[in-house]
Structure formats: structure tokens, C-alpha cells
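Participant: Have a look at this one before I ask anything.
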Amino acid sequence: MLATKDPTAVERANLLNMAKLSIKGLIESALSFGRTLDSDYPPLQQFFVVMEHCLKHGLKVRKSFLSYNKTIWGPLELVEKLYPEAEEIGASVRDLPGLKTPLGRARAWLRLALMQKKMADYLRCLIIQRELLSEFYEYHALMMEEEGAVIVGLLVGLNVIDANLCVKGEDLDSQVGVIDFSMYLKNEEEIGNKERNVQIAAILDQKNYVEELNRQLNSTVSSLHSRVDSLEKSNTKLIEELAIAKNNIIKLQEENHQLRSENELILMRTRQHLEVTKVDVETELQTYKHSRQGLDEMYNDARRQLRDESQLRQDVENELSVQVGMKHEMELAMKLLEKDIHEKQDTLIGLRQQLEEVKAINIEMYQKLQGSEDGLKEKNEIIARLEEKTNKITTAMRQLEQSSSLSFTQS
């Protein structure tokens with residue numbers, strides 16, 4: 001007696017086989033179709049119907065206020081929390097104006113996921129979280145068993161398909177999802193014709209590939225021939241340039257040897273010139289030392305004379321200060337001789353001006369001490385004039401003393 005199979009396991013196996021046939025047929029027809037798929041493509045429509053049945057298998061009945069219903073929008077909406085990149089597709093589905101039912105939103109979600117080529121990634125994140133799926137599915141559901149993982153693995157092959165589906169204008173709420181088995185049931189003759197057509201197409205592809213490869217090889221050979229010719233020409237040119245370069249090197253070596261000999265000759269002459277210059281510099285240095293010694297002696301003599309003149313000036317100033325003191329002491333006694341005293345004071349002012357001139361001459365003479373012998377002669381003349389002025393001042397002072405003594409005696 002045959003053992004009875006579990007009906008849910010049979011349902012999962014049937015759905016898995018239908019998913020395999022649907023995905024395989026969609027990929028083969030899309031590759032032979034050779035362009036972007038749209039919503040009216042029959043194998044694509046059947047694929048969405050099969051995926052809807054797979055997601056509905058084992059779905060728990062959820063209570064609402066009006067009735068009991070089954071919806072696949074709940075687990076699909078859960079993908080946003082598990083896969084952050086799915087937030088955009090969820091927001092797009094909720095923003096579509098024509099969708100009113102959760103089933104319509106789920107169908108729009110499947111179409112957008114296919115266009116993004118992310119359906120396999122989204123569902124893989126979902127089936128890993130079995131604890132969260134248990135809130136929506138029974139324990140024997142396809143999404144809770146191994147068949148769900150197999151289907152997710154098959155969905156990766158759909159990434160080779162480019163689909164452009166208009167979701168906004170399509171009525172997804174009221175569509176009836178019925179699987180058309182006639183697309184997957186074919187007789188042996190059709191299968192044989194299809195296999196022969198496939199073989200012929202493969203042979204033609206191989207022929208085209210060989211012809212294209214032969215054409216590429218011919219072009220490669222011709223390019224290599226032209227490259228060899230160009231290399232030979234460039235080699236000949238390089239040989240000629242090498243010979244020219246060798247000749248240039250020989251010439252440069254001869255010039256280098258000549259320049260070295262000239263350099264040695266110039267170096268020898270330079271050394272001789274440096275020796276002569278060194279002797280001249282030493283002679284000039286000795287002359288400078290002697291002349292500096294003579295200048296130092298002249299400077300010392302002039303400094304000594306300046307010191308003597310300064311001492312003389314100091315004596316004159318001291319004597320003048322004594323005269324001023326005497327003048328203050330004699331003010332009371334000389335009230336009757338004010339006119340005479342005023343004249344004498346004017347004379348003293350003149351003498352002071354002469355003393356200032358003497359100071360200026362002394363400073364000028366100090367600045368000219370570093371001059372030549374002509375400067376010394378001028379200084380001697382200046383000293384003579386100073387001596388004459390000093391003698392005059394002394395004579396005037398004596399006359400003042402005499403006149404003062406006479407006045408004092410008369411008073």
C-alpha cells in the first residue's frame with residue numbers, strides 16, 4: 001500500500017516546479033526577444049502570477065472589522081525594516097494614486113523590484129527572518145521551508161532581464177491571477193523542432209564567431225606587418241643616429257682633452273698671478289703699517305696740543321669767573337661808575353664772543369687733525385692767530401685790571 005504524501009508538501013513542490021518553468025521560460029524568451037520587456041509580455045505576466053501564488057501559500061488569515069482576508073502586502077512591507085534600500089520602493093508604492101487594495105500594492109511592489117533587479121535580494125532578507133515571517137505564514141508555508149530559498153536563488157537569474165513596466169496606469173487591484181499551463185505544455189514534435197532550431201542557431205553562431213575571429217586575426221596580422229616595417233625603419237634610423245652619436249662622442253672627447261689642457265694652463269697662470277699679487281699685497285701692507293704709525297704719531301701730537309689749548313681755555317674761563325665775582329663784589333662801590341662799567345661789560349661780551357670763536361676754531365681744528373701735513377700747517381697758523389688773540393685778551397684784561405684798580409682807588 002502506497003504511503004500518502006503530505007498535501008502541503010505536494011503544493012510546495014508544484015509551486016516550486018511552476019516557478020522553475022516560469023523563470024526559465026521568461027529568461028529564454030527574453031534573451032531571444034532581444035529588447036526591453038513591457039507589461040504586455042505574456043511570459044512576464046505569468047511570472048508575476050506564479051510569484052503571487054508562491055507568496056500566498058500558507059498565508060495566515062488576518063481578521064478585519066468587516067471580513068477575513070489574506071494579503072501578501074504585510075510581509076513585503078516588512079522588507080523596508082530589514083533592507084534600508086527598500087524604503088524607496090515602499091514609498092513609491094504607497095504614493096501611487098490608483099492603488100486601493102493591499103493586493104494591488106503587493107503586485108506593484110513585485111513589478112518595481114523586478115525593474116530594480118533587487119527582487120532576489122529583498123526576498124532573501126525576508127526568508128532569513130523566520131521569526132518575523134511566522135506572524136504572517138503558517139509553519140508549512142512555502143516561504144517558511146526550503147522551497148522558498150530555492151525560488152529566491154532562481155530569482156537571481158532575472159537580473160539579466162531589462163524590464164520597463166508602467167505601474168501607474170495599470171489596474172492591479174482587480175486583476176485575476178490564473179496560471180496558464182498551456183505555455184509550459186509542449187508536444188515532442190515542437191520540442192524536437194525547437195532543439196534543431198537551437199542547434200542550427202548554435203552552429204550559425206559558431207560560424208559567425210569563427211569568421212569574426214578570422215577577420216580579427218587578419219587585421220591583427222596586417223597591423224603586425226605594418227608594425228614590423230615601422231620597427232625596421234626606426235631600427236635603421238636608430239643605427240644611423242647611433243653612428244652620428246659615436247662621432248659626436250669622439251669629437252666631444254677631443255674637445256674635452258683640449259679644454260683640460262687649456263684649463264691646466266689657465267690654472268698655472270692664475271697661480272703665478274696670485275703669487276705676484278700676494279707679494280704686492282704684503283708690500284702694500286707694510287707700507288700701510290708704516291704710514292699708519294706716522295699718522296698715529298701725528299694724531300698724538302695734535303691731541304697733546306689740543307689738551308694744552310683746552311687747559312689754556314680753562315684757565316681763561318677761571319680767570320673770567322674770578323673777574324665776574326669781583327664785579328659782583330664791587331657793584332655797591334661802583335654805582336657812580338655805571339657808564340664806565342657798562343662799557344667794560346660790552347668789552348667783556350666781545351671777549352666772550354672771541355672765546356666762542358676760539359672754541360669753534362678748536363673744534364674745527366680737532367676735526368681736521370686726521371688730515372695731511374698741509375692741514376697741520378694751517379693748524380699752526382690758527383694756533384698762531386689764537387696766541388695773538390690770547391695775547392690781546394691778556395693785554396685787554398690787564399688794562400681792565402689797571403682801570404678797575406684805578407677806579408677802585410679813586411672811589
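Participant: Toward the positive end of the charge dipole of the chain, about the Cα centre and with charges on Cβ (Lys, Arg +1; Asp, Glu -1), which of Thr347, Ser174, Ile239 goes farthest?
Facilitator: Ser174
Participant: Using +1 on the beta carbon of Lys and Arg, -1 on that of Asp and Glu, and nothing else charged, what's the dipole of the range 7-184 about the Cα centre, debye to 20?
Facilitator: Details: 20 positive and 23 negative charges, 48 e Å.
It works out to roughly 240 debye.
Participant: Can you list the HN-Hα couplings for the range 233-246, worked out from phi with the Karplus curve (6.51, -1.76, 1.60; θ = phi - 60°), rounded to whole Hz and with x for Gly and Pro?
Facilitator: Here the 3J(HN,Hα) series is 4, 5, 5, 4, 5, 5, 4, 4, 5, 5, 5, 4, 5, 4 Hz.
Participant: Another one. For Ile244, what charge total do you get from the other residues with a beta carbon under 14 Å from its beta carbon, if Lys and Arg give +1 and Asp and Glu give -1?
Facilitator: On the way: positive: Lys237, Lys246, Lys251; negative: Glu240, Glu241.
Summing Lys and Arg as +1 and Asp and Glu as -1 gives +1.
Participant: Gln370 versus Lys168, label points 7 Å from Cα toward the beta carbon: distance in nm?
Facilitator: Modelled inter-label distance: 10.1 nm.
Participant: Just read off the accessible area of Arg292 with the full protein assembly in place, 1.4 Å probe, to the nearest 10 Å².
Facilitator: Accessible surface of Arg292 is approximately 130 Å².
Participant: Suppose every Lys and Arg Cβ carries +1 and every Asp and Glu Cβ carries -1, with no other charges. What dipole size does the chain come out with about its Cα centre, to the nearest 20 debye?
Facilitator: 1560 debye
Participant: Kindly write out, for the range 390-406 in residue order, the coupling ³J(HN,Hα) from the Karplus curve 6.51 cos²θ - 1.76 cosθ + 1.60 (θ = phi - 60°), rounded to whole Hz, with x marking Gly and Pro.
Facilitator: Karplus-based 3J(HN,Hα) across the range 390-406 equals 5, 5, 4, 4, 5, 5, 5, 5, 5, 4, 4, 4, 4, 5, 5, 5, 5 Hz.
Participant: To continue, here is another question. Roll a 1.4 Å probe over the protein chains and send me the accessible area per residue for the range 7-184 in Å².
Facilitator: Normalised by residue count, the accessible surface of the range 7-184 is 52 Å².
Participant: Of Phe136, Phe47, which has the most accessible area and how do the rest follow, probe 1.4 Å? Spell out each step's value before the answer.
Facilitator: Details: Phe136 30, Phe47 0 Å².
So the residues, ranked largest to smallest area, are Phe136, Phe47.
Participant: Expressed in nm to one decimal, what extension gain is obtained for the pair Asn235 and Leu82 from 0.36 nm per residue of sequence separation less their Cα-Cα distance? Write down the numbers at each step before the final one.
Facilitator: Values: separation 153, 0.36 × 153 = 55.08 nm, distance 6.70 nm.
Between Asn235 and Leu82, full extension yields an extra 48.4 nm.
Participant: Just list whichever of Lys278/Lys368; Lys20/Lys118; Lys60/Lys81 have alpha carbons separated by over 25 Å in the model shown.
Facilitator: Numbers: Lys278/Lys368 34 Å; Lys20/Lys118 18 Å; Lys60/Lys81 21 Å.
Those over the limit are Lys278/Lys368.
Participant: Also, I was wondering about something else. State to the nearest 20 debye the size of the charge dipole of the range 279-411 about its Cα centre, where the only charges are +1 on K and R beta carbons and -1 on D and E beta carbons.
Facilitator: Numbers: 19 positive and 27 negative charges, 85 e Å.
With Lys and Arg at +1 and Asp and Glu at -1, about 400 debye.
Participant: How much net charge surrounds Lys278 when only the other residues with a Cβ under 13 Å from the Cβ of Lys278 are counted, with Lys and Arg +1 and Asp and Glu -1?
Facilitator: Working: positive: Arg271; negative: Glu275, Asp280, Glu282, Glu284.
Its environment carries a net charge of -3.
Participant: If you don't mind, there's one more thing I want to ask. Would you mind checking which residues have amide H under 5 Å from Tyr137's amide H? H placed 1.01 Å from N; only 5 or more apart, or other chain.
Facilitator: Lys60
Participant: Length gain on complete extension for the stretch Ser222 to Thr8, per 0.36 nm per residue less the alpha carbon to alpha carbon distance?
Facilitator: So the extension gain works out to 70.3 nm.
Participant: Continuing with this model, one more query. For Asn208 and Glu317, compute 0.36 nm times the residue count separating them, minus their Cα-Cα distance, and round to one decimal in nm. List each step's numbers first, then the result.
Facilitator: Details: separation 109, 0.36 × 109 = 39.24 nm, distance 13.23 nm.
Residue separation times 0.36 nm, minus the Cα-Cα distance, leaves 26.0 nm.
Participant: Return the long-range amide H neighbours of Met330 (sequence gap of 5 or more, or a different chain), with a cut-off of under 5 Å between placed amide H atoms.
Facilitator: Under 5 Å from the amide H of Met330: no residue qualifies.
Participant: Check Ala163: other-chain or 5+ apart residues with amide H under 5 Å from its amide H, H built from backbone geometry?
Facilitator: Excluding prolines and chain starts, which carry no amide H, the hits are Leu37.
Participant: Taking R0 as 22 Å, what FRET efficiency do you get between Glu135 and Gln45 from their Cβ-Cβ distance, rounded to the nearest 0.05? Display every interim value, and only then the final one.
Facilitator: Details: r = 30 Å, r/R0 = 1.38.
After rounding to 0.05, the efficiency reads 0.15.
Participant: Next question, about the same structure. On the full set of protein chains, 1.4 Å probe, figure out the accessible area of Asp308 and give it in Å² to the nearest 10.
Facilitator: Counting only protein heavy atoms, Asp308 exposes about 100 Å² to solvent.
Participant: Moving on. FRET efficiency for Glu255 and Thr283, Cβ-Cβ distance as r, R0 = 51 Å, nearest 0.05? Write out the running numbers ahead of the final one.
Facilitator: Details: r = 42 Å, r/R0 = 0.82.
Once rounded, the FRET efficiency stands at 0.75.
Participant: Still on this structure, I have one more. Taking all protein chains together and a probe of 1.4 Å, list Tyr288, Tyr41, Tyr122 from the most accessible to the least accessible.
Facilitator: Values: Tyr288 125, Tyr41 35, Tyr122 0 Å².
Putting Tyr288, Tyr41, Tyr122 in descending order of accessible area: Tyr288, Tyr41, Tyr122.
Participant: Calculated from DSSP H runs of 4 or more alone, at -39500 (n - 2.57) each and per residue, what is the 222 nm mean residue ellipticity of the chain, nearest 500?
Facilitator: Result for the chain: -27000 deg cm²/dmol, rounded to the nearest 500.
Participant: For the chain, give the percent of accessible area contributed by carbon and sulfur heavy atoms, probe 1.4 Å, rounded to a whole number. Spell out each step's value before the answer.
Facilitator: Numbers: 16180 of 29430 Å².
Here carbon and sulfur together make up 55 percent of the probe-accessible area.
Participant: For the pair Val176/Glu297, report the inter-label distance in nm, with labels modelled 7 Å from Cα in the Cβ direction.
Facilitator: 14.6 nm
Participant: Please arrange Cys125, Cys54, Cys166 by accessible surface area, largest first, computed with a 1.4 Å probe and ligands excluded. If you can, show how the numbers build up before the last one.
Facilitator: On the way: Cys125 35, Cys54 5, Cys166 90 Å².
Output order, biggest surface exposure first: Cys166, Cys125, Cys54.
Participant: Still on this structure: Given a 10 angstrom Cα cut-off, can you work out which residue in Ala86, Ala108, Ala384 is the most mobile in a GNM of the chain?
Facilitator: Ala384
The values are calculated or read from the model by the stated rules, or taken from the named source; none is laboratory data. All of these numbers come straight from a predicted model, not from anything done at the bench. Methodologically, a virtual Cβ is constructed for each residue, glycine included, from the backbone with ideal geometry; neighbour enumeration extends over all protein chains shown. For accessibility, only protein heavy atoms count, side chains too; no ligands or nucleic acids. Shrake-Rupley method; radii C 1.70, N 1.55, O 1.52, S 1.80 Å.
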